[in-house]
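Reading through the structure tokens given below for one structure.
The values are calculated or read from the model by the stated rules, or taken from the named source; none is laboratory data. Not measured: the values here are computed from a predicted model. Here the Cβ positions follow ideal geometry from the backbone for every residue, glycine too, while neighbour counts run over all protein chains shown. To get the accessible areas, we keep the full protein, side chains included, count just its heavy atoms, and leave off ligands, DNA and RNA. Shrake-Rupley method; radii C 1.70, N 1.55, O 1.52, S 1.80 Å.
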Amino acid sequence: MADEENTISDPATPAEQISTIKTSKTDSKASDDGTAHKPLVYPISDTNRYGAKVTFVPQLITGPKLDGSQSLGDVLKAFGKGVVSITKGEDVAPKKDAPTENTGENEDSGTKETDPPTADGDNKPLTISPGVNMPLTTKKISVYLPISFGSTDTLTYDSPSLGSAGALLDSALEGANGGAGDILGNALGDFIDLFKGTSQTGANSLGKLGLAKLAKRGPTEVGDGAAAALRVTADPNIRTLFRGVAVRQFAFQFKFIAKNSKEAAEIRAIIKRFRFYAYPESINFKGDDSGADISVGFKYPHPFIIKTEYVDENGSSFAIGPKIKSCYLTSITTNFNPSSMAFHRDGEPVEIDLSLNFTEETTLNKQDIFEGY
């Protein structure tokens with residue numbers, strides 16, 4: 001993998017860290033985050049004091065690979081024609097085999113299946129192959145678990161007004177037992193009776209309500225005037241309806257206090273690595289004539305695999321809280337020396353606050369909860 005072929009030593013000073021980056025000759029397009037080619041850890045010293053930790057592992061996901069000289073537009077156009085053609089009955093029907101005897105039927109009448117023409121080298125068909133999906137384990141970041149770590153599950157509900165018609169249909173379907181046509185027909189009949197005021201009980205009031213509802217179809221003043229005069233108003237029949245599931249979001253707030261220059265360099269590398277993998281890579285286009293090199297798009301940033309756990313003195317690990325699916329790093333806030341203006345001899349700040357906000361790639365369902373998410 002290109003990202004994993006860049007190597008850098010573990011320098012003692014920032015100057016050494018920059019000067020010792022070695023770019024792999026096997027892939028001139030390989031790019032790295034410029035940090036040491038190893039997992040990063042904080043704190044470096046007194047690690048036994050912090051049993052709970054959270055690890056972040058960037059994922060390399062390239063998506064499907066396209067190969068071939070044929071235009072993608074031609075492929076999409078052919079796909080569109082195929083979607084349209086399957087709506088025709090004759091295209092859905094089974095194809096007939098070609099006649100085995102000479103019956104006088106034209107062999108090119110369309111009843112004979114033929115193999116697609118073989119593509120030559122100048123017009124190689126566009127092929128799609130699976131892309132890469134793998135964790136970059138050497139780019140792992142392991143940090144102490146903050147004091148406050150929470151997880152919020154949000155399910156979206158709405159409270160719309162069903163109105164009289166919707167409430168009648170809701171009631172009919174709730175107690176449905178019979179033919180669908182009869183049930184819907186009865187609900188429609190009840191709605192018509194509402195306007196007629198033909199109910200056996202409260203006929204007068206229902207008739208007034210029907211008249212008020214009809215008046216509502218006119219100008220607002222007319223509808224309000226009718227409701228005031230008739231002394232009735234329609235029940236909105238509000239119901240709570242489930243709309244969907246929101247993606248989970250996770251926030252981490254770290255306070256880094258460097259005890260020495262080495263730990264300060266590790267903190268700087270952690271922040272840079274987070275920022276590097278949070279940003280997208282540009283898709284550039286270089287014109288043949290003008291030579292202009294412009295960005296025309298972005299490749300998706302790297303999602304992160306996040307794991308929270310507690311490790312005891314025997315090295316056994318225990319998960320903390322629900323599991324987390326792959327997340328995108330959506331915001332990064334870095335605050336240097338928030339409480340004092342103290343620096344190490346090499347100019348590194350002593351204290352740094354780092355706030356990270358992640359958004360999960362997909363929503364959850366019951367099966368995910370069963371599996372521990």
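Is there a quick way to get the dipole size of the stretch 325-372? I mean about its Cα centre, with the Cβ of Lys and Arg at +1 and of Asp and Glu at -1; what is the value in debye to the nearest 20?
Details: 3 positive and 8 negative charges, 13 e Å.
I would put it at about 60 debye.
With the Cα gyration tensor of the stretch 228-333 giving a ≥ b ≥ c as the square roots of its eigenvalues, does the rule (a/c under 1.5 for rounded; else a/b larger than b/c for prolate; else oblate) give rounded, prolate or oblate? Cα axes put the stretch 228-333 in the oblate bin. Farthest toward the positive end of the dipole of the stretch 319-373, out of Cys327, Thr362, Ile352, is the Cα of Thr362, where the dipole comes from beta carbon charges about the Cα centre.
Whole number in Å², please: accessible area per residue of the stretch 237-373, 1.4 Å probe, ligands, DNA and RNA not counted.
Details: 8400 Å² over 137 residues.
Ligands and nucleic acids excluded, the result is 61 Å² per residue.
If R0 is taken as 35 Å, the Cβ-Cβ distance between Phe242 and Phe318 corresponds to a FRET efficiency of 0.55.
When each of the peptides 307-319, 356-368 is scored by the mean number of other C-beta atoms lying within 10 Å of its residues, the order from highest to lowest reads 356-368, 307-319.
When a 1.4 Å probe is rolled over the protein heavy atoms, the share of accessible surface on the stretch 233-373 that falls to carbon and sulfur comes to 53 percent.
Measuring spread by the Cα atoms of the stretch 309-358 yields a radius of gyration and Dmax of 16.8, 42 Å. To the nearest 0.05, what FRET efficiency results for Ser261 and Lys299 with a Förster distance of 51 Å applied to their C-beta separation? That gives a FRET efficiency of 0.90.
Report, in listed order, any pair from Lys53/Lys262; Lys272/Lys323; Lys65/Lys366; Lys38/Lys299 with a Cα-Cα distance greater than 29 Å.
Lys65/Lys366
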